[in-house]
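This report concerns only the one structure given below.
The values are calculated or read from the model by the stated rules, or taken from the named source; none is laboratory data. Keep in mind it's a predicted model, so treat the numbers as computed, not measured. Glycine gets a Cβ as well: all are built from the backbone with ideal geometry, and neighbour counts include every protein chain shown. Accessible surface is based on the protein model in full, side chains and every heavy atom, while ligands, DNA and RNA are left aside. Shrake-Rupley method; radii C 1.70, N 1.55, O 1.52, S 1.80 Å.
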Amino acid sequence: MALIAEPGENGTPFDAGVRLLTPGGVPVDDPRFSPGAGSRQTESFYREMVRARRLDEEATALQRQGELVLWIPLRGQEAAQVGSAAAARSGDFLFPSYREHAVAWYRGIPPVDVLRLLRGVTHGGWDPERYRVANYVLVLASQTLHAVGYGLGVRMDQAAGRGTPTSDGGDRQPLGDGRPLDDGQAVMVYLGDGAMSQGDANEAFVWAASFNAPVVFFCQNNQWAISTPSSRQSPVPLARRADGFGFPGIRVDGNDVLAVHAVTTWALDHARSGRGPVLVEANTYRMAPHTTSDDATRYQEPGEVARWRALDPIDRVGRLLARTREPAWFEQVRAEADAAAAALRREVLALPDPSPWSLVDHVLVGGSSLLREQRAEIWEG
């Protein structure tokens, strides 16, 4: 893959990964991948990215006004999230971390449901089975183990229906037999560059490789694990971590929605074909604080931010579409995004306060004597 001068420091070459669209909006060829999205889908990508950024801005404003306990901005990562979510089939199960708002919205989860957790009115937010998207997790990298466990379950369910007796008298094939999944189901789990340094992620890699789990690990390398740069965590591209576990790893320009979509489509097809896991590293940038509690100006250099701002994922697709679309079309897209943001504000402010007993009501199925005592204490208080 080609090396480019931006945004490496002092003009040093920088491996952006697979790229199909330059920052100037010019299509480029890659010997391994071609855009899988036509013009209409590219327009859809643009709409989704603009909507996600506008909703993200509204959520940030709501937090600053005291209406949310916290917000985790996604600005700058719209292409990585929309492109990957669009590559998944409706039956694929997705496991986010806590910043994948555009993924949730792309899968049809109402915007307000993503904000329920951060307003403090629920411990979840949506029905995972309905949308095939797990609820957010705040424990770094724990979702990777959840995803691999689900992927192993998919393989077990498939093996149980093949009708081939095994040595223990059952009707299942051994896990990791390399056969395609009958229903074509795959699993995709999102993690960041910081989570790549966690033990849970590495254990998940071991299990996925050992049992041929149909899992795509989608790492959004946004260059900062809170205030620790990705370069300090790994001297090599994170995609190369997959080599040590025996499965493919590939780096893609995470600000190029067309490349993200093409690479993730390939990765998911690889996983559901029975060939095992894949690690995708989407090289992108967090153009906002880690959370609204963070002051990113303390560690992000202005020059670095400016270099990445020039690679803005929405502007990139906008330059491509400007060749065929009139200014009025872009104004309509922005107006639709503004309307969605206004609706989100109304719905968030209308959320009812939770019952104080909900703190203990859903801890254990059937409850316990201790929980009943705590509930009584809440009542008396």
With the checklist (1) among the aliphatic types (A, V, I, L, M); (2) open to solvent by 30 Å² or more (accessible area, probe 1.4 Å); (3) over 18 Å from Val252 (Cα atoms); (4) within 23 Å of the chain's Cα centre (by Cα) in hand, flag the one item Ala339 doesn't pass.
-> (4)
For the range 161-186, how many residues meet the condition of being more than 15 Å from Leu268 (Cβ to Cβ), at pLDDT 55 or above and either open to solvent by 60 Å² or more (accessible area, probe 1.4 Å) or aromatic (Phe, Trp, Tyr) (or both)?
-> 3
Taking Val103, is it hydrophobic (A, V, I, L, M, F, W, C) and in contact with a Gly (Cβ under 9 Å, 6 or more places away or on another chain)?
-> no
If you go through Leu68, Leu94, the only one that is open to solvent by less than 50 Å² (accessible area, probe 1.4 Å), within 18 Å of Arg345 (Cβ to Cβ) and in contact with a helix residue (DSSP H, G or I) (Cβ under 9 Å, 6 or more places away or on another chain) is Leu68
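Every residue in the range 65-99 that is of a type outside the set (Gly, Ala, Ser) and in contact with a strand residue (DSSP E or B) (Cβ under 7 Å, 6 or more places away or on another chain), please.
Step one: of the range 65-99, the residues of a type outside the set (Gly, Ala, Ser) are 65, 67-75, 77-78, 81-82, 89, 92-96, 98-99.
Correct list: Gln77, Asp92, Phe93, Leu94, Phe95, Pro96.
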In the list Val154, Val112, which residue meets the criterion of being modelled with pLDDT of 95 or more and not in a loop (DSSP other than H, G, I, E, B)?
-> Val112
Determine, yes or no, whether Ala271 is part of a strand (DSSP E or B), under 30 Å from Gly244 (Cα atoms) and either open to solvent by 30 Å² or more (accessible area, probe 1.4 Å) or touching a residue at least 12 places away in the same chain (Cβ under 8 Å) (or both).
-> no
Filter result for the condition that a residue is in a loop (DSSP other than H, G, I, E, B), open to solvent by 70 Å² or more (accessible area, probe 1.4 Å) and either touching a residue at least 60 places away in the same chain (Cβ under 8 Å) or touching a Phe, Trp or Tyr at 6+ places or on another chain (Cβ under 6 Å) (or both), over Pro352, Pro289 = Pro352
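If you check Leu118, Leu94, Leu138, Leu145, which single one turns out to be at pLDDT below 95 and aliphatic (A, V, I, L, M)?
Numbers: Leu118 fails: at pLDDT below 95; Leu94 fails: at pLDDT below 95; Leu145 fails: at pLDDT below 95.
Every option except Leu138 fails the conditions.
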Of all residues in the range 238-268, which are open to solvent by less than 10 Å² (accessible area, probe 1.4 Å) and farther than 27 Å from Ala310 by Cβ?
-> Ala242, Ala267, Leu268
Taking interchain pairs and intrachain pairs at least six residues apart, which have beta carbon atoms under 6 angstrom, with the first residue in the range 115-126 and within 12 Å of Val137 (Cβ to Cβ) and the second at pLDDT 95 or above and outside any helix (DSSP H, G or I)?
-> Gly124/Asn135; Gly125/Asn135
